[in-house]
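Report on the structure given below.
The values are calculated or read from the model by the stated rules, or taken from the named source; none is laboratory data. The shown structure was predicted, so the numbers you read here are calculated from the model rather than taken from an experiment. Glycine gets a Cβ as well: all are built from the backbone with ideal geometry, and neighbour counts include every protein chain shown.
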Amino acid sequence: MNKYIEELMEKLNTTEIDQGDIRAISYDSGIQMLIEKFLVHKKKQSKVFFIGNGGSSAIASHMTADFMKNGKMNTYSLYDNAVTTCMGNDYGYEFVFSKPLEFLMKPDDLLVAISSSGNSQNIVNAIHAAHQCSGSVVTFTGFLPGNTARKLGDANVYVPCEKYGIVESIHNLILQQIVDSIMEQEQ
């Protein structure tokens, strides 16, 4: 087997999923916990915001579309060019997500924060803004286990790896698995 695929599988098998202090005992139980969390927000018709930088922003944008179309959820994109550049210009790049969330997020909405390092200031600020709005947060991180975003999430997916490609691939895979499972449950 290809060494890259072997490493990807090893990191997928050691990915940690938790809900606060409660760590899932297996990958399957962790995925089920995440599916149930998303289904709660779907039932409430909460808004779901996906955010990330770089490759994680591509995942966030893709999942905004998939959770809307396939998951039939109320997703909302923060990636409009005018909004992003306005927020960056007026408040600074570290606030490109938190400022729109302050305006748009309501109690019981969900923020999905995707960050390979878990330490991007604009992601951390967005998590704080979501909590200030009484929203909930699911983080998707990697690199170091004590990263800032992981400490702040209500539920967390942590990939124990410092390679962007592997971390991003696993984040994408898990989010795709969640939305596909939601879609299958409703057929």
Residues that are surrounded by 12 or more Cβ atoms within 10 Å (Cβ to Cβ), at pLDDT 95 or above and of a type in the set (D, E, K, R), at least 1 per element: which strands (runs of 3 or more DSSP E) completely within segment 1-84 meet that?
16-19, 47-51
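Results for (1) touching a residue at least 40 places away in the same chain (Cβ under 8 Å); (2) within 21 Å of ILE127 (Cα to Cα), shown as yes or no for each residue.
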{"residue": "GLU10", "(1), (2)": "no, no"}
{"residue": "ILE17", "(1), (2)": "yes, yes"}
{"residue": "ILE31", "(1), (2)": "yes, no"}
{"residue": "LEU39", "(1), (2)": "yes, yes"}
{"residue": "SER77", "(1), (2)": "no, yes"}
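Would a scan of segment 94-102 turn up a residue that is of a type outside the set (Gly, Ala, Ser), more than 28 Å from LEU39 (Cα to Cα) and touching a residue at least 12 places away in the same chain (Cβ under 8 Å)?
Checking segment 94-102: at least one residue is of a type outside the set (Gly, Ala, Ser), more than 28 Å from LEU39 (Cα to Cα) and touching a residue at least 12 places away in the same chain (Cβ under 8 Å).
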Restricting to segment 127-142, give me the number of residues that are more than 12 Å from SER56 (Cβ to Cβ), hydrophobic (A, V, I, L, M, F, W, C) and out of contact with any Asp or Glu (no Cβ under 8 Å at 6 or more places or on another chain).
1
